[in-house]
Structures are given as C-alpha cells and as structure tokens.
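Just so it is clear, none of the values below were taken in a lab; they were calculated from the coordinates. Quick caveat: nothing in here was measured; it's all calculated off a predicted structure. Using ideal geometry, Cβ is built from the backbone for each residue, glycine included, and neighbour counts are taken over all protein chains shown.
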C-alpha cells in the first residue's frame, strides 16, 4: 500500500511540474527574474573590469613567463566568460610569438646556424631589376657542356659583381673570387682553393661535384661555391671581347627578356687608312643606346626601335681596355662589356 501511495505522489509531482513548465509565467515572476539577472550581470561586469585591469598590467614581452592573475581575489567567473579569457590569452600569445620571431627569424632547411640572412633593401631592388631583364641568359651559362643550376638572385648578384670587375687588371683567380665573395663571407680560403679547379678547365673533375647537383639550394656549401665560381668564369668570358689587330671579328650573344642582343667587334687597319679603328656593331631587339669609352675618347649611338647600331673609334690605344655599355630603352640596368685590344 505504501508503494502505491508513493507512486501516486511521484506521478502527481511530475504532472504538476510539467504543467508548470508549459504554463506562461506571470508578470510578477518575469519582473523578479529580470531584477535578479540584472544584479548578476552587474556583478559579472565588475568582475570583468577587475580582471581586465589586472591583465592590462601584464606585458608578456617584459618577462620570459606569463603570470596569470589570481582569480581567488575576484568573484568567480561563469562558464559563459571563458571564451573572453581564451581570446585575451591568444592575443597575448600572438604578440609574444611575433616578438620572438622578429628577434630570431626561423631558418630555411638549407640554411645553417649563423647563416647571414640579412638582405639589404637596396640590393634586393637591384636584383629584381636585373633579374627581369637578364635572367634569360642564365640558362645559357654552361660548364663542361652542362648547364649550371643557379637561382635568379644568385645569378643577378654574380652578374652585377662581374660587371664591376670586368675592367679590372686582377689576376684570373682573384677575379673569380672577387666576383662571388659577397655570397660567401669569410670563405676566402675555400674559394681560392676551388678557383684553382675552375681555372684548370673541364679536364679536372673536382671531388665536390662527385654527387650530382639538381638545384643550387640543395647543393652543399662547397658545391654552391664551386657552381658560383664556374658561373662567374663563364659570365666574365661572355662580357669580354678580346680583339686582335687585323684578325677575325669577335662575336657575343646575350639573351634578354625582350630578345637577343648580338655584338660584333673588329679591330683593324683598313686599306684606305693609315691608322687602326675599332668598330662595334650591335643587333638589338628594341630601341637602345650604345656607348664605347676609354681613357681619352668615347663615342655613342642610339635608336628608338629594334635594329642595328654602329660605333667606330679611330686610332684607339693598343693594349687598352674599352668599356662598351648597352642600355635598352625603358630598362634601368645596362649591360657592360670589356673590349680588349691587342696588336700581336
């Protein structure tokens, strides 16, 4: 009998409870709930303000560890406030990581600790302007009948260095090292040793190239130095026109982003003249300016469209180097050749 009575009480309670849930609250109940909610929200807002003031006093960049505020001193937070804390913590963590990355940038896989990762903005601009015009020539740089795998930026740096030293009187080995030493600071001795292999010619097979090199970035440091030296030798050779008196015409070709440049140089004494002359012919893909200059003389020619340009310098000084500059219209970076005259 007691079990039946208890069951009836439970059933009655459940029925009354569900009827109460389904019924509409009275205006008095609604007002009481609103007043209670406002009071809770006010307390929560004061807690949030205190919590933010404590967080703002923290600067994660001033210490190695982030000290969290003591939550025992402020009212407990409700579950709904956790996302706010997470967002604040994430913001502080991002600032800390950004500061650490800027102070010590991560290395690429091919870089080593202590690798010089500083690239001046001025040099970068120079590389970009040169790459856009002269990068097409890179695939024509060969050694031992194999193309030399370089990156655009490495090619641009070597080309710039070669143009600066092509007029110099340095010994061949010193010229090669000078052309690439800015790529490998502090490696002068290794560069000097490897330059010997390059100057010995294709008959010598350097041990550092015993393993095939597919890309420049995947090569070992010694392989990168050797590839750069070989590229420098080929570039210097392409930028140098050695003309012997009354001998065959010297020719050079350079591929650019706008087409091929063909250069011919001839040093001779014409039959109807008593003095020698140096004649330069340029076949150009676009309008350009040609300038030939030495210590005491210079001559210039230009045209506004594609075609041929001629330069002639009378009575040039024997055994002297002349600078031939080619500047294509609408391009800032010129290409500079050394024209070397030899009477014998």
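Fully extending the segment from residue 92 to residue 199, taken as 0.36 nm per residue of separation minus the present Cα-Cα distance, adds 32.8 nm. Dividing the mean sequence gap of close Cα pairs (under 8 Å, 6+ apart) by how many residues segment 190-337 holds gives a relative contact order of 15 percent.
The relative contact order of segment 236-277, computed from alpha carbon pairs under 8 Å that lie at least 6 residues apart in sequence, is 33 percent. Each residue in 141, 214, 165 was given a count of other beta-carbon atoms within 10 angstrom of its own, and listing them fewest first yields 214, 165, 141. Sorting 308, 161 by the number of Cβ atoms found within 10 Å of their own Cβ, with the fewest placed first, yields 308, 161.
Annotation for residue 305 and residue 136: the two label points, set 7 Å from Cα along the Cα-Cβ direction, are 1.9 nm apart.
Highest mean first, how do 294-304, 260-270, 280-290, 239-249 rank when packing is the count of other Cβ atoms within 10 Å averaged over residues? Please list the in-between numbers first.
Working: 294-304: 13.1, 260-270: 17.4, 280-290: 19.5, 239-249: 15.3.
Those peptides, ordered most packed to least, come out 280-290, 260-270, 239-249, 294-304.
As a proxy for reagent exposure, ranking 133, 170 by other Cβ atoms within 10 Å from fewest up yields 170, 133.
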